[in-house]
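Engineer: I have a structure here, written as structure tokens, and I will follow up with some questions on it.
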Amino acid sequence: MSISKRAGLFLAACLVAPAAFAQTPQLGTKITEVDVGAWAITVLPDGTNLPKGSGTAAQGAKIYEEKCVACHNTGGKGGPYATLVSEAPLQGRGIEAPKTIRNFWANATTVYDYIRRAMPWPQPRTLSDEEVYALVAYILEQNKIIEPGTVMDAKSLPQVKMPNRDNFIVKFPDKI
Amino acid sequence: MTKKKDGLGALDQVAGNGLMSRRLLLGRGAAIAGAAGSLALGGTGANAEPLKDDEWGRSQGTTTKEVDPRSRFEDKVKRTLSNPNGEPRTQHARTPHHLLNGTVTPNHLHFTIVHTGAPDIDPAQHKLVLHGLVKQPLVFTLDQLARYPMESRMAFVECGGNSAPLFSPEPVQATVQQIHGLVSNAEWTGVRLSTLLDEAGVDPRGKWVIAEGGDMSALSRSIPLKKAMDDAMIALYQNGERIMPGNGYPMRLLVPGYEGNMNVKWLRRLQVTDQPAMTFHESRNYSPVLPDGKAFKFYFMNEVKSFITHPSFGTTLGEPGYREISGVAYSGGGRISRVAVTADGGKSWADAALQGPVNPQAFTRFHIPWRWDGSPAVISSRAWDEAGNVQPLRSEFVAARGETKEPVKNLLGFPNQHYNSLTSWGIASNGEIKHVYI
């Protein structure tokens, strides 16, 4: 076969192929978002994927006593594991200042996401969505980030303004 | 030209305190070997004892095993553990760089950090799902992925908190393993993530990929789509064998040059989104605090860095004379282009030889011949990458990133993240090595 003929066939193949990815194996099994279901636990900062339901600090306090206090101590003051409630500032304490939910975390949705995926240790993903809302409300209220009695749900949680949210600098803007 | 006792000329010295030209490692290697031999004779002043047949060579050796163990004399070459009893907190295992050579970290010595233990994943049951802002969500088994075109590449993986003890205002007295043990280098083999993303069809709104592991804490990180489409890989093999459990068996995300935590292990889910998830780890641990109280977010890249492994703290130099200084250099910014070494505390520097092939985002070993005259010396290394980034001097680094208020006492702690300045070793006349700052 001449080079020009081969080139012609190659060109024809390119024109027939609907897209570049048609040439890759395509061995994945199709699935629907509904069937990803139980695995799709990520909550985004704008509230995307927050579940239905709601909770208050009063409800959260009871769950906290039952499922969290052994590791995080009374009122979330920490010990033996992470401090959850603290008004200690970040600024002025050096580069090694302990980062807390109040003095550091930029998004309240992170509290929901992390409790739901990883807590309580070692029985993660056993809390109901309502229990998670209640614990988030409890932690945010104890930290004086939300007004007492504020109900946490899919609408209110993403609107919570975290105190340190404006103190971040994107290190490599060109990488995003 | 004046010849010294070891047969090397004064003109071979290219920087202060006995650093010699790296070219001696190439064209004149034989001369160096001969010189070292004559130095050994001159140094001891005695002849070697007559040779005899050794006992181990006159009897049947050990039986060959299916999986080879190391020599029993190498038992001291091991990782150090932060949490050997598996208490309910993070476990770190650090690589003994001062006892290794070359660039490949053996799999059983590759560093690991696991937050909730390594899950015991059955590869026949494991699934990877790719969904979110895509035209067609897809789920893959390991067998399906293993049929894709495979690609192999060298890559370092480094914890964003590696070298954290060097934020101390006073140099900690610790080995390379204790200071820099949370980085390792391996050949990873797997499937390009871009291939799978193209098959699923990324929606134009997609800007991030949230990667999640199948561990107890379902660890997750947000990866820019830019990186995911560039050189990210679903890695299935580590140095030729299936990935070790502590490194993500049966599959992990490899994002070359980006902080270790983003290379999500036990990978089970990838979700394309229009925004970062601001997960626990990216919100808290890997956002380093700056001296003014602000903090960097999305630090991602591990910047150009090098350290001398031989000689280093924990060993003692013997008699004066010829020896080699060597270490590793690497950069998230690409290939290492240059490493300079000093033996006089930074007054003068000489370029080290780079052992090829020099791969991007991978360990490059550097070597330079050195004639130690037995007087106090301070050795250090500094690396450059192909993108023009240079490893900052300590004064530059501290000015930008600060130090801890008190000297660091806990070598296992993480007072801050992303340290990439110099590591320097002070050598006393008696051969003792201390960690020093220059």
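Engineer: Any idea how far apart A:Gln159 and A:Ala38 come out in nm if each label point goes 7 Å out from Cα toward Cβ?
Structural biologist: Reported label-point gap for A:Gln159 and A:Ala38 is 3.5 nm.
Engineer: Percent relative contact order of region B:113-285, based on C-alpha pairs within less than 8 angstrom and at least six residues apart?
Structural biologist: 29
Engineer: How high is the FRET efficiency from B:Glu386 to B:Leu51, r the C-beta distance, R0 41 Å, rounded to 0.05?
Structural biologist: Here the calculated transfer efficiency is 0.25.
Engineer: Using the basic label-point model (7 angstrom from Cα toward the beta carbon), what is the B:Ser348 to B:Ser375 distance in nanometres?
Structural biologist: 1.2
Engineer: Here is a follow-up. Can you compute the helix-only [θ] at 222 nm over chain B? Use -39500 (n - 2.57) per DSSP H run of at least 4 residues, normalise by all residues, nearest 500 deg cm²/dmol.
Structural biologist: -3000 deg cm²/dmol
Engineer: Sticking with this structure for a sec: Under the rule of at least 5 residues apart or a separate chain, name every residue whose amide H is placed under 5 Å from the amide H of B:Ser424.
Structural biologist: The answer is B:Val436.
Engineer: Would you mind getting me the FRET efficiency between B:Asn430 and B:Glu66? Use the beta-carbon distance for r and R0 = 41 Å, nearest 0.05.
Structural biologist: 0.30
Engineer: For region B:255-260, in order, what is each residue's ³J(HN,Hα) by Karplus, 6.51 cos²θ - 1.76 cosθ + 1.60 with θ = phi - 60°, in whole Hz (x at glycine and Pro)?
Structural biologist: For region B:255-260, the Karplus-derived couplings read 10, x, x, 9, 3, x Hz, x marking Gly and Pro.
Engineer: Using Cα pairs under 8 angstrom and six or more residues apart, how large is the relative contact order of chain B, in percent?
Structural biologist: 18
Engineer: Which pairs, out of A:Lys77/A:Lys171; A:Lys99/B:Lys127; B:Lys294/B:Lys405; A:Lys161/B:Lys265, put more than 24 Å between their alpha-carbon atoms?
Structural biologist: A:Lys77/A:Lys171; A:Lys99/B:Lys127; A:Lys161/B:Lys265
Engineer: Can you compute 3J(HN,Hα) from phi for each residue in region B:12-22, using the Karplus curve 6.51 cos²θ - 1.76 cosθ + 1.60 with θ = phi - 60°, rounded to whole Hz and x for Gly and Pro?
Structural biologist: Each residue of region B:12-22 in turn: 6, 6, 10, 8, x, 6, x, 6, 10, 5, 4 Hz.
Engineer: Would you kindly derive the ³J(HN,Hα) couplings of region B:165-171 from the backbone phi angles with the Karplus curve 6.51 cos²θ - 1.76 cosθ + 1.60 (θ = phi - 60°), listing them in order in whole Hz, with x for Gly and Pro?
Structural biologist: Values per residue, Gly and Pro as x: x, 7, 6, 5, x, 10, x Hz.
Engineer: Let me ask another. Under 17 Å from the Cα of A:Lys155, which lysines turn up, not counting those fewer than eight places away in the same chain?
Structural biologist: A:Lys52
Engineer: Suppose R0 equals 35 Å; then what is the FRET efficiency for B:Glu324 and B:Lys294 from their Cβ-Cβ distance, rounded to the nearest 0.05?
Structural biologist: Here the calculated transfer efficiency is 0.20.
Engineer: Given an 8 Å cut-off on Cα distances and at least 6 residues of separation, report the relative contact order of region A:33-166 as a percent.
Structural biologist: This gives 37 percent for region A:33-166.
Engineer: Which value in Å does the Kirkwood hydrodynamic radius of the protein assembly as shown take, with 1/r averaged over all unlike C-alpha pairs and then inverted?
Structural biologist: 26.8
Here, each number is a calculation from the coordinates, and none is a lab measurement. In this text, all values refer to a predicted model and were calculated from it rather than measured experimentally. Here the Cβ is made from the backbone with ideal geometry for all residues, glycine too, and neighbour counts use every protein chain on show.
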